[in-house]
Amino acid sequence: MFSQRPAQAAALVEGDLAARDLAEALRLAGFTLPSLHGDIPAITDKALVHLGGASAEVVRDLAAWIRQRA
């Protein structure tokens, strides 16, 4: 069974908070990434965010939206 070290647990919490923050910002812009969530750091203890699960159409729309504002 996998057990988390305290640093990994803290990184997972930080990743979840970052994912929620991004999800809220994306919702304001009209986008949803259904699989957006914090992820367990595998190699380092740095917080990670899993961004997968979006359709190609949503990703292209998001990329266009970002380009227009960059």
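Reported count of residues in region 33-70, each being over 14 Å from the mean Cα position of the chain (by Cα), open to solvent by 60 Å² or more (accessible area, probe 1.4 Å) and β-branched (Val, Ile, Thr), is 3. The residues of region 18-50 that are over 26 Å from Ala64 (Cα atoms) and not small (Gly, Ala, Ser), listed by number, are Asp39, Ile40, Pro41, Ile43, Thr44, Asp45, Lys46.
The values are calculated or read from the model by the stated rules, or taken from the named source; none is laboratory data. Computed from a predicted structure; not experimentally measured. Quick note on the areas: whole protein, heavy atoms, side chains included, nothing else; ligands and nucleic acids left out. Shrake-Rupley method; radii C 1.70, N 1.55, O 1.52, S 1.80 Å.
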